[in-house]
Amino acid sequence: NPVSACLVIPDGTLRECLLLFDFVLSAASMFSAITFILRLHPVMPLSTVMGIDQRLQSLPENVKISKETIDKDFNRCRWALYRGSGAAIHAVSAGLRPFYYKPYGEMLSIDPLYMMKTWKRVVENTDDLRLALDFDLHSDIANIEKEWSHAVDFSRQYYTPQDLDMFCRSIVGVPEMKQ
């Protein structure tokens with residue numbers, strides 16, 4: 001149900017997986033109506049993470065491990081909880097509200113959406129997460145859509161379109177031809 005699901009997208013490091021998943025396991029018991037879908041980065045095997053955090057072997061009812069494509073995960077979620085993952089940019093384009101998890105004491109953000117001033121929420125603890133979730137669950141859809149439209153523009157401008165001709169010229173050192 002996209003209304004009540006949060007996609008959890010850590011980057012490809014063990015430390016970040018453990019940090020986000022620990023937060024989610026704490027939050028899951030407080031938010032039983034929210035489904036948290038854990039999606040591992042392609043370079044991080046589930047067995048590695050499960051070998052370190054035994055709690056992942058027996059998950060609460062509202063925590064699932066994704067076996068779907070990322071696009072299917074985007075379609076079934078309303079929010080994305082992330083830290084350094086570039087997938088957060090794609091989540092915004094897909095309509096998910098991003099929640100950047102900033103653990104206590106973090107001095108330097110690793111947020112790829114650090115320049116986004118609206119739409120994104122920063123959560124430092126489960127109380128912040130509760131406020132962010134409640135805001136969306138009780139807000140008028142027109143206001144949410146208006147806020148999201150600005151975020152889509154931001155995410156579309158995040159990447160520069162590919163120019164194969166320019167790339168090839170820069171590799172071989174050929175200057176651009178004036179027409």
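The values are calculated or read from the model by the stated rules, or taken from the named source; none is laboratory data. Since this is a predicted model, take the numbers as computed values, not measurements. No Cβ is skipped: glycine too gets one built from the backbone with ideal geometry, and neighbour counts run over all protein chains shown. Accessible surface is based on the protein model in full, side chains and every heavy atom, while ligands, DNA and RNA are left aside. Shrake-Rupley method; radii C 1.70, N 1.55, O 1.52, S 1.80 Å.
Annotation: per residue accessible area for region 4-141 equals 49 Å², rounded to a whole number [probe 1.4 Å, protein chains only].
Does region 2-75 come out rounded, prolate or oblate, given a ≥ b ≥ c as the square roots of the eigenvalues of its C-alpha gyration tensor, rounded meaning a/c under 1.5 and, failing that, prolate meaning a/b above b/c?
Working: a/c = 1.84, a/b = 1.16, b/c = 1.59.
In terms of gyration-tensor shape, oblate.
Note on exposure: Tyr100, Tyr114 ranked by accessible area (1.4 Å probe, complete protein assembly) read Tyr114, Tyr100, with the most exposed listed first. Taking every protein chain into account, the 1.4 Å probe leaves Glu147 with about 40 Å² of accessible area, to the nearest ten.
Please compare each pair in Lys64/Lys117; Lys64/Lys102; Lys64/Lys120; Lys72/Lys120 to a cut-off of 27 Å on the Cα-Cα distance and tell me which ones are over it. Mind showing how you got there, number by number?
Details: Lys64/Lys117 30 Å; Lys64/Lys102 22 Å; Lys64/Lys120 23 Å; Lys72/Lys120 21 Å.
Among Lys64/Lys117; Lys64/Lys102; Lys64/Lys120; Lys72/Lys120, the Cα-Cα distance tops 27 Å for Lys64/Lys117.
For Glu145, the solvent-accessible surface with a 1.4 Å probe is about 110 Å², rounded to the nearest 10.
Taking 16 Å as the straight-line reach from the Cα of Lys146, the aspartates and glutamates in range (excluding those fewer than 8 positions away in the same chain) are Asp136. State the percentage of accessible surface on region 39-164 attributable to carbon and sulfur atoms; use a 1.4 Å probe and exclude ligands, DNA and RNA. Heavy-atom surface of region 39-164 belonging to carbon and sulfur, 1.4 Å probe: 55 percent. May I ask for the distance between the Cα centers of region 73-141 and region 12-65, given as a whole number of Å? Between the Cα centre of region 73-141 and that of region 12-65, the gap is 17 Å. Here the peptides 46-57, 86-97 are ranked by packing, the mean other Cβ count within 10 Å, and the order with the highest first is 86-97, 46-57. With contacts taken as Cα pairs under 8 Å at a separation of at least 6 residues, region 1-159 carries a relative contact order of 23 percent. A cut-off of 5 Å between modelled amide H atoms, ignoring neighbours fewer than 5 places along the same chain, links Thr35 with Ala5, Cys6. Counting only protein heavy atoms and using a 1.4 Å probe, the accessible area of Trp148 comes to about 80 Å².
Count the net charge of all other residues whose Cβ sits under 14 Å from the Cβ of Leu18, scoring Lys and Arg as +1 and Asp and Glu as -1.
Values: positive: Arg15, Arg55, Arg83; negative: Asp11, Glu16, Asp22, Asp53.
Around Leu18, the surrounding residues sum to -1.
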